[in-house]
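The values are calculated or read from the model by the stated rules, or taken from the named source; none is laboratory data. These numbers were taken from a predicted model, which means no experiment stands behind them. Neighbour counts run over all protein chains shown; Cβ positions are idealised from the backbone, glycine included. Remember, those area values only see protein heavy atoms, side chains included, never the ligands or the DNA or RNA. Shrake-Rupley method; radii C 1.70, N 1.55, O 1.52, S 1.80 Å.
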Amino acid sequence: MTIQVTRSSMPPFEEYMNEIKDLWDSRWLTNMGAKHKLLEEQLKQYLNTPYISLFTNGHLALESIIEAFQLTGEVITTPFTFASTTHAIARKGLKPVFCDIKPDDLTLNADQLEELITEKTSAIVPVHVYGNICDVDSIDQIAKQYNLKVIYDAAHAFGVTLNGIGAANFGDASMFSFHATKVFHTIEGGAVTFHDASLIRSLNNLKNFGITGYETIECIGGNAKMNEFQAAMGICNLRHIEEEIKKRKVLTEYYYEKLSDVKGIRIIKPKNEVKYNYSYFPVVFDGYKYTRDEIFDKLKADNINARKYFYPITNSFDCYKSCKDNETPVAKYISERILTLPLYSDLQINEVERICNIILK
Ligand SMILES: *Cc1c(COP(=O)(O)O)cnc(C)c1O
């Protein structure tokens, strides 16, 4: 049987059936129904944030918060991310300006921020890549100094804390993704967390056509609402999140044991101050006896699908032709050597062992 890089976690079938049963009585299937409200409350607690707005996916959550802040001109971000981050900036008519990443945790290199800031810069969109929390103190301080907004792409950082502070508490806002492949999911889904109450209205407008009353349309909003079936899946999955993370931790520690002291293999580990969610298992092959691509092919030949995640980097996409990937040499270097190995809660220890043996053979 093929081992995929990830496999969606599912609550027990009966549990989900039970959760959606009410919907056959209420016939309230979307538009901020009871499940939506409940999930919002539960997530505020779990993520420890005063405000949250749920969306039908993380990408539209990110586009919406960018629009809500009425950003203009240029936005500084990193190319070492999923296409969504860069696309959200560009699709809102802004110019992505690429900052390189740090070789250790692969997040935005704050030391290079100031040289990229121009009169046109309006915001920074850093990525807590693989759940590694960015240098939030430096980034938030530079942003304050230059009067820029900070929106964290926290798609990978669900449940992660830095010195006990939840990922939702940094910058002006954070976007979480609840896509089926993430540690916590609502099938498709996402959220924006923030501290400024005045954003509630704009986000509600943006995700529901600008409708504020039966006969009032306040602005040109789109449609990006989370429906009740998605919210029900979230309510179920949230009950099991600690168990989900714990299982991933056990598997990750087994990977550490097998791969930690191997010359030419570098494991990207979270910082000591971080309580991690074990969302991904990224490994850098740098000076190992096999290249990343050779390892990828060896695994593939054994029906194991690792992923070259993130490769290629977004500033090398054809649609960003005006950008050059050699302006972010660290991101380029890492992207050519990184491989994300399979990790999901029902992956078996002996499967991890098999994966490691293929790599080490
Ligand atoms: C998954 C992901 C997104 C987009 O989220 P969707 O819910 O799939 O729209 C954005 N950024 C990063 C880094 C992601 O991994």
Formal net charge of residues neighbouring LYS332 (Cβ-Cβ distance under 11 Å; K, R +1; D, E -1): -2
Low-density loop GluC sites (Glu not before Pro), the stretch 75-175, at most 14 other Cβ within 10 Å, DSSP non-H/G/I/E/B, are GLU119
Calculate one ³J(HN,Hα) per residue across the stretch 24-40 by plugging θ = phi - 60° into the Karplus curve 6.51 cos²θ - 1.76 cosθ + 1.60, and present them in order as whole Hz with x for glycine and proline. 6, 8, 6, 6, 9, 9, 7, 6, 6, x, 5, 5, 4, 5, 5, 4, 4
Using the heavy atoms of the protein chains and a 1.4 angstrom probe, tell me the accessible area per residue for the chain in square angstrom. 45 Å²
Charges at C-beta only: +1 for Lys and Arg, -1 for Asp and Glu. How large is the resulting dipole of the stretch 37-105 about its Cα centre, in Debye rounded to 20? 180 debye
Convex hull of the stretch 212-352 built on C-alpha atoms - directionally averaged projected area, nm²: 14.2 nm²
For the stretch 13-239, which whole percent of the accessible surface, found with a 1.4 angstrom probe, sits on carbon and sulfur atoms? 51 percent
Unit charges at the beta carbon, dipole of the chain: most positive-side option, THR107, GLY210, VAL150: THR107
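Calculate for the chain the 222 nm mean residue ellipticity that helices alone would give, adding -39,500 (n - 2.57) per DSSP H run of length 4 or more and normalising by residue count, nearest 500 deg cm²/dmol.
Result for the chain, helices only: -10500 deg cm²/dmol.
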Any idea what the relative contact order of the chain is, in percent, if you count C-alpha pairs under 8 Å spaced at least 6 apart? 23 percent
Selection from ALA232, ILE355, HIS128, by position along the positive dipole direction of the chain (Cβ): ILE355
Under a Cβ-only charge scheme (Lys and Arg +1, Asp and Glu -1), can you give me the dipole magnitude of the chain about the Cα centre, in debye to the nearest 20? 620 debye
Just how large is the dipole of the stretch 101-173 about the Cα centre, in debye to the nearest 20, putting +1 at every Lys and Arg Cβ and -1 at every Asp and Glu Cβ? 220 debye
Rounded, prolate or oblate: which fits the stretch 219-269 when a ≥ b ≥ c are the square roots of the eigenvalues of the alpha-carbon gyration tensor, with rounded for a/c under 1.5 and prolate only if a/b beats b/c? oblate
When only Cα pairs under 8 Å and 6 or more residues apart are kept, what is the percent relative contact order across the stretch 290-361? 40 percent
If you take the charge dipole of the stretch 231-270 about its Cα centre, with +1 on Lys and Arg Cβ and -1 on Asp and Glu Cβ, which of TYR255, ILE245, ILE265 is farthest toward its positive end? ILE265
Alpha-carbon radius of gyration plus Dmax, which is the widest Cα pair, for the chain in Å: 20.6, 68
